[in-house]
1. Out of curiosity, is LEU308 of a type in the set (A, V, I, L, M), part of a helix (DSSP H, G or I) and under 18 Å from the mean Cα position of the chain (by Cα)?
2. Go through (1) out of contact with any Phe, Trp or Tyr (no Cβ under 9 Å at 6 or more places or on another chain); (2) in contact (Cβ under 8 Å) with a residue 60 or more places away in the chain; (3) at positive phi one by one and return the number of the condition TYR77 breaks.
3. From the residues in segment 90-118 that are in a loop (DSSP other than H, G, I, E, B) and among the acidic types (Asp, Glu), which one is nearest to the chain's Cα centre (by Cα)?
4. Does segment 315-323 include one or more residues that are out of contact with any Phe, Trp or Tyr (no Cβ under 7 Å at 6 or more places or on another chain), farther than 27 Å from ALA158 by Cα, away from the ligand (no atom under 16 Å from the Cβ) and at pLDDT below 95?
5. Which residue out of ILE45, ILE93, ILE50, ILE63 is within 21 Å of THR297 (Cα to Cα), of a type outside the set (D, E, K, R) and at pLDDT 95 or above?
6. Anything in segment 47-64 that is crowded, with 20+ Cβ neighbours inside 10 Å and away from the ligand (no atom under 16 Å from the Cβ)? List them, or say none.
7. For segment 284-300, name all the residues that are within 16 Å of the chain's Cα centre (by Cα), away from the ligand (no atom under 13 Å from the Cβ) and either at pLDDT below 95 or surrounded by fewer than 24 Cβ atoms within 10 Å (Cβ to Cβ) (or both).
8. Is it the case that segment 111-128 has a residue that's without any contact (Cβ under 8 Å) to a residue 24 or more places away in the chain and touching a strand residue (DSSP E or B) at 6+ places or on another chain (Cβ under 8 Å)?
Amino acid sequence: MKISTATKPIDFTEKLFQLFQKRKDVSIQEYPLEYKKGKYGFLKISSKDITPTDPVLLIRAGIHGDETAGPITIEHYGNEILDSAHEKGIKVILYPLGNPSGFALRLRYNIDNDKGFDNDKGKEGVGNNDFLRYELEDGSITDDIKDGKIPFKRFLWASDPSLKSRFCLPLETELMHKLLKEDPLPQVKGSIDLHQDYLTPNASPAAYQYALGNIEEYKPIIEEVSKICPVYKNQLMAAGFKTKIDEIGNVVEVPLESEMEAIDENGSIVRYDGSITDLFYRLGTPYNVAVETTGVTPLDIACKVNLLWIRGFIDLIKKHFISDKNVS
Ligand SMILES: [Zn+2]
């Protein structure tokens with residue numbers, strides 16, 4: 001399938017709303033986000049009638065507004081994803097457009113260019129994928145314990161009331177924290193966050209992933225992905241870490257090699273970086289991935305890579321959390 005890039009961004013929330021409104025098996029909520037520079041709707045789509053024993057797949061797309069492939073994946077394949085999950089007895093919670101103003105304007109951050117604020121440091125926060133803090137053994141607080149070898153005492157939501165005077169979150173992130181806390185979190189067996197990598201300089205078309213949890217079990221998915229898209233393996237990546245970008249998302253500074261992250265032989269980066277992926281891992285979700293395709297990867301391929309991960313996670317959840325007699 002050829003996916004058109006001509007989607008009118010301003011109508012996208014409405015478009016998604018209409019697309020899923022026809023379904024009787026999901027409910028759609030729209031929440032207002034009021035920025036200094038404009039008002040946007042934030043969508044949450046969830047399976048109806050989630051019982052306390054249903055396993056749930058949670059998908060978030062588009063937190064970085066310029067990374068359009070995630071929301072477009074949901075637009076093109078959302079109905080297929082919901083059908084397939086429901087058929088297998090899996091419920092879905094979908095946040096299809098994590099940063100609607102950023103999407104509309106093709107900006108990584110929101111329309112106010114708000115990356116949150118760190119009052120301790122007196123400077124801007126870590127961005128909008130800000131979900132978790134670690135309290136280290138000396139009592140200090142950080143969002144990133146790298147490959148996990150840094151020992152920590154406990155984790156907290158970035159929105160934890162005890163941190164309120166220290167960290168401000170961007171509006172869309174704050175709203176998502178609030179909504180997530182109402183979700184049946186212990187039932188979430190897989191979390192998928194869809195991204196694209198526009199930060200790595202001189203990238204070729206490729207996929208890789210930030211993976212946490214039972215990552216050995218992701219191998220068959222990666223195998224499928226590698227049939228349609230090259231997968232970066234055994235190399236250093238700079239994306240997202242210490243990469244400085246300007247207001248419109250151009251890279252202005254790349255990190256030193258010593259600060260880069262290693263991709264393993266399966267295309268995975270294991271990084272406990274305070275993201276939503278890390279949050280779900282810490283909350284006990286066994287399967288967690290942030291899917292990345294480089295910005296030069298053709299859009300239809302990027303969407304198909306995303307779809308392969310979603311299908312793969314549906315299969316993993318079915319295999320481990322659905323006994324055949326559960327499915328009605
Ligand atoms: Zn991203």
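The values are calculated or read from the model by the stated rules, or taken from the named source; none is laboratory data. Everything quoted here is computed from the prediction, not taken from an experiment. Cβ sites come from the backbone with ideal geometry, for glycine too, and all protein chains shown count toward neighbours.
1. So LEU308 fits the description; yes.
2. For TYR77, the failing item is (3).
3. So the residue we want is ASP114.
4. Yes, the conditions are met somewhere in segment 315-323.
5. Going through ILE45, ILE93, ILE50, ILE63 in turn, the sole match is ILE63.
6. SER47, PRO55, VAL56, LEU57, LEU58, listed by residue number.
7. Once the filter is applied, which keeps residues that are within 16 Å of the chain's Cα centre (by Cα), away from the ligand (no atom under 13 Å from the Cβ) and either at pLDDT below 95 or surrounded by fewer than 24 Cβ atoms within 10 Å (Cβ to Cβ) (or both), segment 284-300 yields THR285, PRO286.
8. Looking for residues that are without any contact (Cβ under 8 Å) to a residue 24 or more places away in the chain and touching a strand residue (DSSP E or B) at 6+ places or on another chain (Cβ under 8 Å), one finds at least one in segment 111-128, hence yes.
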